Every structure is written in structure tokens, then in C-alpha cells.
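K.L.:
The structure that follows is given in the form of C-alpha cells.
The values are calculated or read from the model by the stated rules, or taken from the named source; none is laboratory data. These numbers come from a predicted model, not from an experiment. For neighbour counting, all protein chains shown are included, and Cβ atoms are generated from backbone atoms with ideal geometry for every residue, glycine included. The accessibility values were calculated without ligands, DNA or RNA, using every heavy atom of the protein model including side chains. Shrake-Rupley method; radii C 1.70, N 1.55, O 1.52, S 1.80 Å.
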Amino acid sequence: MGKRETACVPSSSSSSSSSSLPRTDSEHRQSLSHSSSSPAASSSNKLPTILQNEEHQKLNSNKLNHKEKDLLWDATERENELTGGLIQKVKGWSKLEALFEHPLYNLPPQSLQDDDWLLRVKKNTEHTSDKGSEEEEKEDSIDADSDWESASEEKGYDKVSWTKEVETHPPWLRFHLGISRWELYDRKDPNLAQLTHYLARQRVLGAVQKTGGTQLKLLMSFPNYGQALLKPMRQSRDAETDVNLFYFSDFERHNGEIAAFHLDRLLGFNRIPPVVGRLINVTSEIREITTDHRLSRTFFTSPAGNVCFYGQCEYYCSTEHPACGQPHSLEVSLAAMLPDLSLAPRRSWRSPWRRSYSRTKLAMWEKDPAYCDTVKQTPPYNHGTRLVDLIDMAILDFLMSNMDRHHYETFEKFGNETFLLHLDNGRAFGRHSQDEPTILVPLKQCCSIRRSTLLRLRLLSLPGFRLSDVMRESLAQDPLAPLAPLLSEGNLSALDRRLASVLQAVQTCQEHHTDVIYNDLEGYDTINSMHEEQNNK
């Protein structure tokens, strides 16, 4: 590759990758969403009540300040407007579209400074006070005419020329440049539809086994220097994990990865890299193009005539546990890669509620009911939002029955003031016939939850939205959905059942504590006051 000047990202970023989001919003709705996300537009939206009836509505009114009480349930009669009324009002809208038009999903964006972006394209200044650093300044910045060119067309890569203009960037690079301190992506970003198409349709240039982890996964390369993480289908989508298996046993699920991304987005977290389903030809798109000799040695043709492979990993990589095409076509999940660690280092944190991974020993949190008191005194959980961030993650894991959350990651650049990355969700949605209450222990022991998270959970419990319904609709947009539902009806109904358990746990906390709600919507209260003042004029 030949460089003139580094316009966006050094060539090492080719190990980072693209991303994709389902086509949740039409272009028409994207324009509506963008307008409603601005502070001015948001000021015209009063956060309506989101509880179904007065008894179920109250968040223990004696423990809330007057402003919060007014904001949460100021008008029970607006229930119809919020649920059925809102959906009927705009003919043809789905529950999913109505959900994403709700004010809770269009809160005013936080103002971002330069340091709040993970990666930024630097610009030249006309004058520099330090003349001695002029050459260094030139190397680190981009003027209007500089670009980054590739001369690797002969190797199968596209010939590209990227400038500082967004229009010249491939979808995966736009995704990387859009990562901020507070979220991995903006749901209303028009680039997300392009990312979906990119992951689902881009020609595969290379495939090698990804190192690390315990199960088989591949790193797929594309002609525009993007990459994606592949997890293959190892069992039928609706196969339920045996209740007698240990929690880190069983295959990781490609549909679990896809569904986890959709659920994370429906909860308003935006902390899982975009994932999309795809049919891969294991012969032409893996076996014939891989340069990984360890991987290529594991291919074989089954007695049924299907092309199979199993790779090399710690668990389930053997001839007894192959991934097989039918005969060549294989369902997979493709996840957008994060920026290369050389560009955006990440820190791995051991979860305080990590399981012991022992068949005989209990973890400390399983033996000490007051364990959270110790956690609250330990950095980084003793200040900021880290504790409620962890509880958000526990709620996500409980809803999708993921017991295998032993670590989580953050971007080092942002220190402790940032969101948690919800990575590696292949254990999700393995069992729907029963719930695992221990996943929810962080919430039950700490009795703390974000106000915005609680309000969205209550919203998703209403018949006018219903978590299972919007999840079904969201998953229907994935490229694999026409073949078969990504989640069984058992898994979808389990979401509603588990959501009710989360809300019950919060209610129990409020019956014994006065400081359960972490109010992260103070700015939105101000906007509602502005709205009321305008209505009074």
C-alpha cells in the first residue's frame, strides 16, 4: 500500500472491521429520528407516563421527588396515547417503529468534545505557536488535499483513496469514527443501513481462524480492508441447552450473537458491535481462500456429502463437533470488528460477580448477601456510573440467559467515565424453559438502576410495545430470517417473563431502600419544563 499522507487510519486498521445494523428505520423514519434527536425537537416531547395502571405505575412515590413523580406518571389518561393510540395515530407503523419514535429513545444527545471521540481525523491549523513542532504537526494532521491511497489491487483489495471527507470512507471506517465516550454507535446513523448490506453481501477475500477464546471463530477479510468476526452454526436454532450441562458447556450460538445485538439495541444500550446473519459457502469462501494451514487441515466431507471443518480451539474443535455446510452453505453470524488495539487499546475488567467456574466452590457473591457493600467501596465502582453500567449488563444477560459473563471491556482512552462493551454473547438464548435468577444478583444485592433503563423496561412491558413483539419484528429484518425465525417462540416469551422478574426485583428493592433510582435524566427534566412553558404561552 502506498501512502501520501495518513488521512484517516493507518493501514494496521485493516485488522479492525465493519459493522452493520438491521434496517430498522426507513429513510423516511431516519429523517424523523434525526429531527427528533435535536435538543430543539426534543423540547417538544414531554416524557409521558409509561406504566400500565396506577398500582403498577408508581415507583414508590413516597421515595421520589415531586418533579420525578410528575414526570413518571403525571397523566394516567395518556396511557392510550402512549400505547395503542400512538400506534393507531400513525397508520402503518409497527410496534418497533413506534418504540424508536418514543421520547425515551430520542433523548437529547450529550455534547461531545474532541476527547470524547475514540478516533478523530485531525485537521491542520493555519498558524502554529510552536514552530519547532511543524513537521510533527504535518504528520499528525490532514489538510484538504491529503488522502490515503492503496496500491494493493493486485492482491484482491479494492483500489481506494480516502480523504478526510466522510463520503470517501468505507462503512466499517465510518463505524469506527462514530464511536464516542458514551455509545458504540448512533442508532439513527444513516450509515448503519450501509453497514448491514456491507456485512451481509461483501465479497469475502480471506478467512483465518481467530486466536483466543475457547470455541471456533474466524476472522473474515473484505476487499475494502474491513473485517468481521464469524461464528458458525453448530446446532439448530431452536435446540435448547441441556439443563444438566455446566454453564460454560455447550456450543456458542450464531443466532445468540445476532439476537443479543438486537436486544441490546432495543434496551437503548448500543454497546454490542453490530451483528448480522449470513449464508457462507464453506468451500469457496473459506476452504479455497484461507491461508491458515491449521484451519485448512480440519476440512473433510461427511458421509452425507456435506463439507465440514472444525478448526483448533479449547472446546468443541474435533471431528465429533464439526461445522458443516448443506452441502456447502452454512449459516453464520458476522460481527463488526472494533478498531485495532494498536489504535484504540481496550482494558479488560474482571466482573465482581464472576462465577467461580468450579463445580464445588462458590464465588464470594454467592456466600455473602452484603457483597455489594464491598464492591461499592472498591474502585472503579465507588464513583461515577460504573456500578449501574454493570447492572445494565446484568439485566441484559438475565433477559437472554447468558451465565458466562466473566469479564467485560472498556476503551482505555476514556478511563472510567465511559460505557461497557457487551462483547461475546454466544452463550445467549440457550435455554428458554427456565430462568437463571443468579444472573440478576448484581441488581438484587446493590438495589440500584439507571432511571432511563427502568423507564425503557417499563415501556417494553406494555402491551402496546411488548419486548417479545418488538424483538420478533427486529429479528425479522436479519438476512437469515426468511429461512427460519432467529429465535423460537419459547425464547421470545421468555423475554417477557424475565422482564417481569426484573421489574419485580426493582419493586422489591424500592420497598426496602430509598435510593434505588440513579437519575440520569436530569437534563431531560429541564427540556420538559421548557415544553410546559411554551404550552402556557
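K.L.:
Rounded to whole Å and sorted largest first, what semi-axes of the equivalent ellipsoid does the C-alpha gyration tensor of the stretch 405-488 yield via the square root of 5 times each eigenvalue?
P.N.:
Those come to 26, 19, 16 Å.
K.L.:
Once amide H atoms are placed 1.01 Å from N in the peptide plane, what residues at a sequence separation of 5 or more from Leu423, or on another chain, have their amide H within under 5 Å of its amide H?
P.N.:
Glu409
K.L.:
Let me ask something additional. Whole number please: convex hull volume per residue, Cα atoms of the stretch 337-489, in Å³.
P.N.:
Spread over its residues, the Cα hull of the stretch 337-489 gives 156 Å³ apiece.
K.L.:
Keeping all protein chains in place and using 1.4 angstrom, which order do Arg350, Arg427 fall into by accessible surface area, from largest down?
P.N.:
Arg350, Arg427
K.L.:
Obtain the nm distance between the two label points defined at Ser161 and Lys376 by a simple spin-label model: each point lies 7 Å from its Cα along the Cα-to-C-beta direction.
P.N.:
It works out to 6.1 nm between the two label points.
K.L.:
Apply the Karplus curve 6.51 cos²θ - 1.76 cosθ + 1.60, θ = phi - 60°, to the phi angles in the stretch 290-298 and return the couplings in whole Hz, x for Gly and Pro.
P.N.:
Values per residue, Gly and Pro as x: 6, 9, 8, 5, 4, 6, 4, 6, 9 Hz.
K.L.:
In the stretch 288-334, carbon and sulfur make up what percent of the accessible area (probe 1.4 Å)?
P.N.:
After summing per-atom areas, the C and S share lands at 49 percent.
K.L.:
5 Å is the cut-off here: which amide hydrogens, built 1.01 Å from N in the peptide plane, fall below it relative to Tyr518, excluding neighbours closer than 5 in sequence?
P.N.:
Those lying under 5 Å, H to H, from Tyr518 are Ile449, Arg450, Arg451.
K.L.:
If the viscosity is 1.306 mPa s and the temperature 10 °C, what translational diffusion coefficient in µm²/s does Stokes-Einstein give for the stretch 431-478 when Rh comes from Kirkwood over Cα pairs?
P.N.:
Answer from the Stokes-Einstein relation: 123 µm²/s.
K.L.:
For the stretch 249-306, what is the accessible area per residue in Å², given a 1.4 Å probe and the full set of protein chains?
P.N.:
Dividing the accessible area of the stretch 249-306 by its residue count gives 32 Å².
K.L.:
Could you order Phe300, Phe411 so the one with the most accessible surface comes first? Probe is 1.4 Å.
P.N.:
Result of the area sort, largest leading: Phe300, Phe411.
K.L.:
Could you give the accessible area per residue of the stretch 362-502, probe 1.4 Å, as a whole number in Å²?
P.N.:
About 33 Å² of surface per residue is accessible.
K.L.:
Follow-up question, since we're still on this one. Which order, highest average first, do 431-440, 259-268, 361-370, 399-408 follow once you tally other Cβ atoms within 10 Å for each residue and take the mean per peptide?
P.N.:
259-268, 399-408, 431-440, 361-370
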